[in-house]
Amino acid sequence: MKILIIEDESSIAENISYALSTEGHEPLWCETGREALEMLASQDIGFVILDVGLPDMNGFDLMRELRKTCGTPVLFLTARASEIDRVVGLELGADDYMVKPFSPRELVARVRAILRRASQAPMEQPAPSPAALQGPFLVDEARCMISYHGEPLELSRYEYRLLRALVENPGRVFSREQLMRKAWEDPDMSLERTIDTHIKTIRRKLKALREEDDPIITHRGFGYSLNLTAV
Ligand code: CA
């Protein structure tokens, strides 16, 4: 499979390249966002490894561009732990991230896991259930969409899964750990506090439609639940 490495530090790109080629992949490398967009448009690329700090644009903006046209899996590389919240908090639909320095072998293992999930996903989920109504929420699993008071919410993949878990079990209190298991394929890779980041974003999106309502209840030190009687 062709894997595009977008990374301006050549030593890192070379290490990744080498590790991927030992797995039988065909690594391609470019240093700028502009080159990356050209390569993505002209080649059949099955996976993207994207550095957040590029010379001509930041990885988040490039990701936004990329998501307009393709759903290729993306793994972010970030130099600073402080960027992690942005990587997972933004509604970009990244599949995973790694903080530098990392071991190329670990990266290859992550790539393998993401590709395996991507290839298994359609078989694990047979027929999507029809849209289900819960109070003011309408979950449309077939289209991975949730409407609130008839208005479709623009949710990232993780926000969708989190809110769906809450909507499908109104009143049930979930711990952060339980929510992580609902929303992430591999919860060990993520951090519990990222749940808080996503819940905050979901709340903001619900509030944008209904300023006065706050159907998500925080259970301090534990987790969250959805209260349908509040909306
Ligand atoms: Ca860089």
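The values are calculated or read from the model by the stated rules, or taken from the named source; none is laboratory data. Here the structure is a predicted model, which is why all the values come from computation and not from measurement. Positions of Cβ are backbone-derived with ideal geometry, glycine not excepted, and every protein chain shown enters the neighbour counts. For the accessible areas, the whole protein counts, side chains as well, though only heavy atoms, and no ligand, DNA or RNA atoms are used. Shrake-Rupley method; radii C 1.70, N 1.55, O 1.52, S 1.80 Å.
Of L28, L37, L4, which residue is modelled with pLDDT of 90 or more, open to solvent by less than 10 Å² (accessible area, probe 1.4 Å) and either more than 13 Å from the ligand (Cβ to nearest atom) or of a type in the set (S, T, Y) (or both)?
L4
Give just the number: which of (1) away from the ligand (no atom under 14 Å from the Cβ); (2) closer than 12 Å to V111 by Cα; (3) within 23 Å of the chain's Cα centre (by Cα) does R64 not satisfy?
(2)
Given the criterion touching a residue at least 40 places away in the same chain (Cβ under 8 Å), open to solvent by 10 Å² or more (accessible area, probe 1.4 Å) and within 14 Å of the ligand (Cβ to nearest atom), identify the matching residue among P55, P73.
Selected residue: P55, the only one of P55, P73 that is touching a residue at least 40 places away in the same chain (Cβ under 8 Å), open to solvent by 10 Å² or more (accessible area, probe 1.4 Å) and within 14 Å of the ligand (Cβ to nearest atom).
Which of the residues belonging to the range 146-155 are open to solvent by 10 Å² or more (accessible area, probe 1.4 Å) and either at pLDDT below 85 or touching a strand residue (DSSP E or B) at 6+ places or on another chain (Cβ under 6 Å) (or both)?
S147, P152, L153
For E23, are the conditions met, namely being in contact (Cβ under 8 Å) with a residue 60 or more places away in the chain, open to solvent by 60 Å² or more (accessible area, probe 1.4 Å) and not aromatic (F, W, Y)?
Values: in contact (Cβ under 8 Å) with a residue 60 or more places away in the chain: yes; open to solvent by 60 Å² or more (accessible area, probe 1.4 Å): yes; not aromatic (F, W, Y): yes.
Yes.
Being at pLDDT below 95 and either open to solvent by less than 50 Å² (accessible area, probe 1.4 Å) or acidic (D, E) (or both) is the requirement here; does E14 meet it?
On the way: at pLDDT below 95: no; either open to solvent by less than 50 Å² (accessible area, probe 1.4 Å) or acidic (D, E) (or both): yes.
No.
For a quick check of your reading of the model, give me the residue pairs whose first member lies in the range 166-177 and is open to solvent by less than 40 Å² (accessible area, probe 1.4 Å), whose second is among the β-branched types (V, I, T), with beta-carbon atoms closer than 6 Å and at least 6 apart or on different chains.
V167/V139
List the helices (runs of 4 or more DSSP H) that sit entirely inside the range 1-101 and contain at least 1 residues that are among the basic types (K, R) and farther than 23 Å from A118 by Cα. Give the steps one after another, and end with the answer.
On the way: elements: 10-22, 33-42, 59-69, 84-89.
Passing ranges, in order: 33-42, 84-89.
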